[in-house]
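One structure is given here, and the rest of the page talks about it.
Values quoted throughout were computed directly from the atomic coordinates according to the rules given, and no laboratory measurement underlies them. Please read these numbers as outputs of a predicted model, since none were measured by experiment. A quick note on method: Cβ atoms are made from the backbone with ideal geometry, for glycine too, and the neighbour counts reach across all protein chains shown.
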Amino acid sequence: MRFDYFEPTSLDEACGLLREGAGARKPLAGGTDIVIQLRRRAAQCQGLVNLKRIPGLADWSCARDGGLHIGACTPMRDLETAAAVAGGYPSLFEAIRVVGSLQLRNIASVGGNLCNASPSADTAPPLMVLGATASFRNDDGGQESVPVEDFFAGPGASVLGNAGLLLSVDVPEPAPHTGDAFERFTPRSAMDIAIASAAARVTLDPDRDHIEAVRIALGAVAPTPIRALRAEDLVREKEPTPEVLQQAGAAAMEQCNPIDDIRGTAAYRKELVRILVVRVLRRAVERARGDGGTETP
Amino acid sequence: MKQRYVLRVNGRDLEAEAGAHESLLDVLRERLRLTGSKKGCNEAECGSCTVLLDGRPVVSCLVLVPDAADRDVVTIEALAEEGVPHPIQRQMVEQGGVQCGYCTPGMIMSAYALLRDNPDPTDEEIRFAISGNICRCTGYGKIVKAVRAAALEMKEQSGNGGAAS
Amino acid sequence: MSEDPSTETAEETQAPYHWIGKNVTKPDALEKALGATEYVGDMVVPGMLHGKILWADTPHAVIKRIETEEAARVPGVHAVLTSKDVPGSNRFGLAVPDQCALAEEKVRSVGDAVALVAAEDEEAAEEAASKIKVHIEHLRPILTYADALDPDAPKIHEGGNVFQHTTVRKGDLDKGVRESAVIVENAYHTHRMDHVPMEPEAGLAYVDPSGVLNILVGTQYPYRDRRQIAPALGLPMNKVRVIQAPIGGGFGRKDDITAEIHVGLLALKTRRPVRLVYTREESLVANTKRHPMAMNFRTGASADGRLTFLDGDIYGDTGAGVSLGAYVIKKAGIHATGPYDVPNIRVDTYTLYTNNLTSGAMRGFGVMQAAVAHESQMDQLAHKLGMSPLEFRLKNCLKPGLASSTGQLMNEGCGIEATLQRIKDYMSARELRFNRPEAASSDS
Ligand SMILES: Cc1cc2nc3c(=O)[nH]c(=O)nc-3n(C[C@H](O)[C@H](O)[C@H](O)COP(=O)(O)OP(=O)(O)OC[C@H]3O[C@@H](n4cnc5c(N)ncnc54)[C@H](O)[C@@H]3O)c2cc1C
């Protein structure tokens, strides 16, 4: 595993280096995906462009009314240890907390998790339900934003193309009476990749009886993380009774399109989706009602 | 293509010739001969390569050496002070937390970072802090016990220190 | 969260023993906690080369030709070796010498070593290994128990694919069946397992001025290693010295030859010290694993809850080499009754060669696999009888004075009854119950 190594100190320089590479160079954030892929010869590239010395790219902030701003290179552990993230965006906190190990999360970035575009990327479902947008430099150096749910193009592929760079992910401040939750299933309880995951966010009416708005996203059960739109339709404007949540679980199960692989069969993953969707909806509703306590880091 | 890197390891500036593709772990082990950090998997799964980078525990097998340049690296070799083992090291020995010993340095580094930030952890918190370190011998029980005992010992030490001054 | 005292080790022994019943500090523990212990992969000696293995990567094939010229031209390479370069028998194995240090005419598993490289650094060694071209002709791979038992299947070794058949016989099986009120019959499969010692296999070898080949290795058995290394490399026994290095976990795995012969051969050929350290992936692919087994068990019990008979077959997949497989699988048969008194027994075991990874010793040595079957049978019998699974075990467990399946008389060392009693006390103190309803189902 040998490659050219670049350490740009500005965005323009980084984009220029990637453009020159014409696909033969890749960005390097934490390296927890790309370094292993190169060592295993699962990825080919002649050069790595380290993004971590570009000012601002690893900065994050959480402001009242301003939502959560996550620079692409922010190590996951930074967010995990921030009370504002655990309290304000519990689904994202729950997803980050189970990624690899603590020593991994000190280097693995949120941006790398999205750009690696694995169907099982754990931060994707929560960011999708939280309505996050991804801001990036496109192949030509122009700046663009897309909702995170439109960021993925297939396993390992995103809208970025050869020379694109993800700059940040921005999560809007949640509306009142809103709760969110994430759960995943792994055969081992630590250091494993999800064979199915789900996140949900619900906003209740001011009386906290009915679901006004809802988003459900699933991981590891389709070529990209997906929204479970049919399941959302079944709970919107409804009272979140156990029956309604069960119906949503069943609909999500029908909508997903998992594969059989070494980690689990398609049938097993579908069954997991049904259960996980019910659980995340239930917990999101509890939080929206204000009676589901969040853990602190 | 090799290059000269300066690494601040255990408080000293050390120079190493290495390629940019080499990991911090390989440079520590092969070039600087600091072999306390172990290579159990080279893929961040096992945690036996854990070192502190700017104070944070990281898997040094996935840190490329240019990323470690000009930053503070602390390895297991620095924990004992003037030949006196760190309380975690001593308790790992006394409580039977060391068997084959291969996971031990990485395990101790994770525990060290924990106790620095949280001097009075619950067993749950200890288990969480070492959950990225695999041990195949002990079953973890005695390691958790050792970290708990070390926390107590460190608290007593600092208490005594306070009383004496 | 304090520890539950009842899960702690048994009462401190009052007897005046020096060590028994006391916590002992391991003499090498501090050095390990300081990070000062040097495992083989940590060792460096002046002039040392780095070894690399080219693995077969295919389960069953005939080797036609190996091209090493291009590999030998990689800068920094000192040796590229194939089986032709091995001065001795090239064979090793714990029970029978059925494994080749370097594959000769045939590849028998993906974990067979085909060629070796020694070079100035690991990268050069790796590059050279990737440039060796092995021309092969694939053979039908034998991967399942059925494949191995198929008389028309190609033979992995000359003696055929059933390496060993053992039998355990006790009492009168027909009588046992007649006396049974309930009978359960099931098939069980256990899977292959890697020991995953935290330290991947490694060896360091050098020829000293007196001509002795010294091999440092984290091994479980230096003298038995030597008995295998010397003939494989064509050396007299007194020209091989195996030095026990710190061992980063073995669990049975390092009972077998690991890096010893390869690193020894490289040192002999280059006359330089050579160190060879496996990657984790190599460690997973090569060397021994825990045996997968297929077990068909029929077990009976009388109406008053006494075991009446066991009728069983055990098939063990030992892979491309026997290693200790013949003993492991035979032992599974001997322990097929578990720690229970069974008067009438027929158990047959079959040690089968396949083109899977070689299996050998691992903690429990066959007893674990058998336990999956006999304990599941016990649960199902208890359920059918409408008995508590714990009472059923207490009633049938081996007590002092009773004999095992092979007639070994139990003495005071048989602790199963005390263990079960302790579980019973623990459960009743906490009012714990079993999940499965105890009532006999109507189909019994
Ligand atoms: C032991 C282990 C356990 C893991 N467990 C989990 C888990 O539980 N859940 C999970 O989701 N993942 C897991 N991962 C995968 C990985 O850690 C995450 O995907 C991580 O977030 C990747 O971030 P990174 O900064 O290391 O990315 P890198 O490896 O640096 O980059 C990943 C990819 O994204 C590209 N890239 C990175 N940043 C940018 C950017 N700003 N713009 C454009 N492209 C970019 C890179 O070129 C590369 O292709 C695990 C990995 C390991 C080794």
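In degrees, nearest 10, range 0 to 90: what is the angle between the Cα axis of helix B:104-117 and the longest Cα principal axis of chain B?
70
Choose one answer from C:GLY325, C:GLY366, C:GLY76: the residue with the largest mean-square fluctuation in a GNM of chain C with alpha-carbon springs under 10 Å.
C:GLY76
Highest GNM mean-square fluctuation, chain C, Cα pairs closer than 10 Å: which of C:TYR426, C:TYR221, C:TYR206?
C:TYR426
Any chance you could give the angle, 0 to 90 degrees and rounded to 10, that helix B:141-164 forms with the longest Cα principal axis of chain B?
Its long axis makes an angle of about 80 degrees.
How charged is the neighbourhood of A:ALA267? Take every other residue with its Cβ under 14 Å from the Cβ of A:ALA267, and add Lys/Arg as +1 and Asp/Glu as -1.
0
Which whole-number percent is the relative contact order of region B:2-78 (Cα, under 8 Å, 6+ apart)?
37
Taking other Cβ within 10 Å of each residue's Cβ, how do C:TRP19, A:TRP60 sort, fewest first?
Working: C:TRP19 7, A:TRP60 20.
Exposure proxy ranking, most exposed first: C:TRP19, A:TRP60.
Past 18 Å, Cα to Cα, is the threshold; run C:LYS175/C:LYS395; C:LYS32/C:LYS52; B:LYS38/C:LYS269; B:LYS38/C:LYS32; C:LYS52/C:LYS131 against it and keep the listed order. It would help to have the intermediate numbers written out before the result.
Numbers: C:LYS175/C:LYS395 20 Å; C:LYS32/C:LYS52 28 Å; B:LYS38/C:LYS269 30 Å; B:LYS38/C:LYS32 11 Å; C:LYS52/C:LYS131 12 Å.
From the list (C:LYS175/C:LYS395; C:LYS32/C:LYS52; B:LYS38/C:LYS269; B:LYS38/C:LYS32; C:LYS52/C:LYS131), the Cα-Cα distance tops 18 Å for C:LYS175/C:LYS395; C:LYS32/C:LYS52; B:LYS38/C:LYS269.
Counting helices only, and only those DSSP H runs with n ≥ 4, report the 222 nm mean residue ellipticity of the protein assembly as shown as the sum of -39,500 (n - 2.57) divided by its residues, in deg cm²/dmol to the nearest 500. Mind showing how you got there, number by number?
Details: 28 runs with 264 residues, N = 906.
When only DSSP H runs of four or more count, the value is -8500 deg cm²/dmol.
Given contacts defined as C-alpha pairs under 8 Å and at least six residues apart, what's the relative contact order of region C:210-307, whole-number percent?
Result for region C:210-307 is 27 percent.
Helix A:242-255 versus the longest principal axis of chain A: what is the Cα-based angle in degrees, 0 to 90, to the nearest 10?
40
Determine the relative contact order of region B:87-158: mean sequence separation of Cα pairs under 8 Å and six or more apart, normalised by residue count, in whole percent. If you can, show how the numbers build up before the last one.
On the way: 72 pairs, mean separation 36.6, N = 72.
Across region B:87-158, relative contact order equals 51 percent.
Around C:LEU216, under 10 Å between beta carbons, what's the net of Lys plus Arg minus Asp minus Glu among the other residues?
Summing Lys/Arg as +1 and Asp/Glu as -1 gives 0.
If the only charges are +1 at each Lys and Arg Cβ and -1 at each Asp and Glu Cβ, what is the size of the charge dipole of the protein assembly as shown around the Cα centre, to the nearest 20 debye? Each step should come with its number before you reach the end.
Numbers: 100 positive and 119 negative charges, 478 e Å.
For this selection, approximately 2300 debye.
Identify the trypsin sites (Lys or Arg not before Pro) of region B:1-52 meeting these criteria: DSSP loop state and at most 12 other C-beta atoms within 10 Å of the C-beta. If you can, show how the numbers build up before the last one.
Details: sites: B:LYS2, B:ARG4, B:ARG8, B:ARG12, B:ARG29, B:ARG31, B:ARG33, B:LYS38, B:LYS39; in loops: B:ARG33, B:LYS38, B:LYS39.
Loop-located and lightly packed - B:ARG33.
Over chain A, with a Gaussian network built from C-alpha contacts below 10 Å, which listed residue (A:ARG137, A:ARG188, A:ARG279) shows the highest mean-square fluctuation?
A:ARG188
By counting other Cβ atoms within 10 Å of each Cβ, how are C:LEU357, A:LEU127 ranked from fewest to most?
Details: C:LEU357 25, A:LEU127 32.
Placing the least packed residue first, the sequence is C:LEU357, A:LEU127.
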